[in-house]
Amino acid sequence: MAAAQSIAGRRRLSQAELDLIVTAHEKFLTGKQGGKRASLRFMNLSGLDLSFRNLADADLSASILEGCRMARAKLDRASLFGTDLRKADLRQASLVRADLRGACLRGANLSQADLTQADFREGQVAIPHPRKGLETCRHEVRAGEADEANFSGATLDGSQFSGVSAFKADFSDCSLRGAKLTGANLKEANLSGAILDGADVKGANLEGANFTGAVMAGVDTSTARTTGAAMRGCLESSTELAMSRAAELYQRCLANQAWCRTGGKEGAPARLDGEDLRPLGDRLKGLRLTAMSAPGACLVGLDLSGAQLQGANLQNADLRAANLRGADLRGAKLSGANLTKADLRQAVLSPLPLGPDRKTATQLTAARLRYAMIQAADLSEAVFDGADLRGADLTGARLAKASFRDCDLTQVEGLDLAPAA
């Protein structure tokens, strides 16, 4: 019996044993015969491989998953209460509403993971007796720990991060909208470019943290410790002036739609250069905004899905986390635009026909497309030269004659630029 136990009462599973349990769980999730929900509590699974497996709703409470390979694993609503996930590979894993209370994520890689509404708060963890194992347990309250963890490009919207220690953690370009960070230790953490709209940081330790270029709308740092924090270029809430201009700017957009509908007889292309369009919310969704001019405009988080933006000028515009799904961007000017974490799925960025034998390509020169979702988009002949595409997903995109000269393509998905044999 003693030999079967390891690391203070936790049974060591082999990869083959784990595979059998996970396969049965996947059958359980799909209602197939032989299915059984996985109960992997108090197990030692360190170093094993769960990549791409579906463990949604599984129970892995208090297990040791140190160094586990879990890239793209599905762990939605899973119980990871009190687990040891040190140095685990959870890149692009889905952990929506997962229970991570009291878990240790020190040094784990959660880059691009979906942790929407995940719970990282403190939890009471059972500690087995070193000799008697699980027969004699003591309980200790353990705060969530994510020191030096990598959350770059991850989604943590609505997550419960209160009291968690994330010293020197990397949250660059991640989304923390509405996250609860009260009393969290984010000392020396990297939150550059992070989207923190409405996040609660009361009493948090933000000393020495890097918030350069972060979106801080609705974030009150008055009770947080901010000594030495870098706050350069932060985007705060829309000003009263911007709010008061919203109705007028919307009318310009409606006039643009009328101009498109009447072939130029009514209305005019909208001029929105440098404007803060965030107060418009979702009112631009599906609008006909062909030839709109909005260089340098702020469109962070806007819903532009299905919008017709052929030939629009969006150079140097801020489109972080904007929804451009299915939008028509043929011939648009997006050079220098920030499209980090934007949704461009099924968008059309192919050339815009201007007449017989004339067309203009979509320009994304030096654009920032970190962690953008570009799946199944039409990128034919689009110019991405000098763009930052780190972590972007182009799976299923049409790439005929698209130009990617001098791009940063680190960890890009779905892009094969190898010359044909």
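Quick note: the coordinates plus some simple rules give every number you see, no bench work behind them. In this text, all values refer to a predicted model and were calculated from it rather than measured experimentally. Note that each Cβ is placed from the backbone with ideal geometry, even for glycine, and that neighbours are counted across all protein chains shown.
Summary table below
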{"read-out": "Extension gain, T223 back to S51 (0.36 nm per residue minus Cα-Cα distance, nm)", "value": "57.8 nm"}
{"read-out": "Spatial separation of Cα centroids for the range 59-78 and the range 320-371, in angstrom", "value": "37 Å"}
{"read-out": "Residues whose placed amide H lies under 5 Å from that of M43, excluding near-sequence neighbours", "value": "S63, I64"}
{"read-out": "Exposure proxy ranking, count of Cβ atoms within 10 Å, fewest first, for L287, L176, L241", "value": "L241, L287, L176"}
{"read-out": "Burial ordering of C174, C104, C260, C234, fewest other beta-carbon atoms within 10 Å first", "value": "C234, C260, C104, C174"}
{"read-out": "Top positive-direction residue, dipole computed over the chain with Cβ charges, set G296, T262, M231", "value": "T262"}
{"read-out": "Helix axis angle, 15-30 relative to the chain longest principal axis, alpha carbon, degrees", "value": "60 degrees"}
{"read-out": "Those aspartates and glutamates that a straight Cα-Cα span of less than 19 Å connects to K265, excepting residues fewer than 8 apart in one chain", "value": "none"}
{"read-out": "Selected from G203, F161, L191, residue furthest toward positive end of dipole (the range 151-237; charges at beta carbon)", "value": "G203"}
{"read-out": "About the Cα centre, charge dipole magnitude for the range 241-421 (Lys/Arg +1, Asp/Glu -1 at Cβ), debye", "value": "420 debye"}
{"read-out": "Taking the range 151-237 and dividing mean pair separation by its residue count, relative contact order in percent (alpha carbons under 8 Å, at least six apart)", "value": "23 percent"}
{"read-out": "Test item: Cα-centred dipole of the chain, Lys/Arg +1 and Asp/Glu -1 on Cβ, debye", "value": "760 debye"}
{"read-out": "Whole-Å semi-axes of the ellipsoid equivalent to the chain (Cα gyration tensor, √5λ, descending)", "value": "45, 26, 17"}
{"read-out": "Candidate lysines - alpha carbon under 20 Å from K341, same-chain residues fewer than 8 apart omitted", "value": "K285, K333"}
{"read-out": "Over the chain: helical MRE at 222 nm, DSSP H runs n ≥ 4 each giving -39500 (n - 2.57), nearest 500", "value": "-3000 deg cm²/dmol"}
{"read-out": "Nearest 10 degrees, 0 to 90: helix 240-261 Cα axis against the chain principal axis", "value": "60 degrees"}
{"read-out": "Cα-centred dipole magnitude for the range 151-237, charges only on beta-carbon of K, R (+1) and D, E (-1), debye, nearest 20", "value": "180 debye"}
{"read-out": "Those residues of the range 317-332 whose amide nitrogen sits under 17 Å from the label point placed on R358, 7 Å along Cα→Cβ", "value": "331-332"}
{"read-out": "Gained length - A247 relative to E413, 0.36 nm times residue gap less alpha-carbon distance", "value": "55.7 nm"}
{"read-out": "Two-site FRET efficiency, K36 against K265, from Cβ-Cβ distance with R₀ of 56 Å, rounded to 0.05", "value": "0.25"}
{"read-out": "For the chain, with +1 on Lys and Arg beta carbons and -1 on Asp and Glu, the positive-most of S79, G331, Q310 along the dipole", "value": "S79"}
{"read-out": "The chain: antiparallel DSSP beta bridges as a percent of all, rounded to 5", "value": "20 percent"}
{"read-out": "Global form of the range 1-121, assessed from the alpha-carbon gyration tensor, a/c cut-off 1.5", "value": "oblate"}
{"read-out": "Order of M70, M231 under a 10 Å beta carbon neighbour criterion, fewest first", "value": "M231, M70"}
